[in-house]
Amino acid sequence: MGEEQAQLLRLLDEGGALQAPAFLQLCTCAFHERGLHPRNAIAVERHSGQTFHMQLPAESLVATELIEVVRISALPAKQGASYPGRAVAHWVGSEATDVLTLIQTLPGSEQHRCGFSPGWSIRAYEESLGPVLFEAAFCFNCHEVRMHGLTVPSALATQFFDADTPPARALLAILRAAAP
């Protein structure tokens, strides 16, 4: 691990906060140092031990070429439908890979009750821009992510993440920065 990454880890251990770009850099370096490609690694072994992290559909990670960021305006009319809202950004290449990597570092959590009011979703598309591979809607109040799409197994459809951690705060900052 490089000295810069070691300093970032020390800052986190001391309760410090990282800006989103620094945290993304740290996550990406951690994946590469372990010989993993960010698009097909599901969980990361943290420096302090093994922990569970957010899981994305493995087959989608390799195929994802475009991420669409949606500012959600309501819940879908029926189960499995896309979350309504305005597309505020489209990410390709390293932007898409970095966000998928960051999402996979979200530590697991327990459910907090809020009624599930997601504010943001990401939609993953393959190169053909055909049907959505997966959509993940994030509620930072109840710490819940709901996913649906062609490649989402039922075991991954509902997950919980710790919204109070640096990775979750970094993700929320990135999503907010995408909106005009």
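What follows is calculated from the coordinates using simple rules that are stated; it is not laboratory data. These numbers were taken from a predicted model, which means no experiment stands behind them. FYI the Cβ positions are ideal-geometry reconstructions off the backbone, even for glycines, and counts take in every protein chain you see.
Here are the numbers for the structure shown:
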{"read-out": "Sparsely packed trypsin sites (Lys or Arg not before Pro) within the range 78-180, loop by DSSP, other Cβ within 10 Å at most 10", "value": "Lys78, Arg113"}
{"read-out": "Residue order, fewest to most surrounding Cβ atoms within 10 angstrom, among Trp91, Trp120", "value": "Trp91, Trp120"}
{"read-out": "Least to most buried among Phe116, Phe134 (fewest other Cβ within 10 Å first)", "value": "Phe116, Phe134"}
{"read-out": "Relative exposure of Thr165, Thr105, judged by other C-beta atoms within 10 Å (fewest first)", "value": "Thr165, Thr105"}
{"read-out": "Within-14-Å neighbourhood charge of Ala87 [Cβ basis; K, R +1; D, E -1]", "value": "+1"}
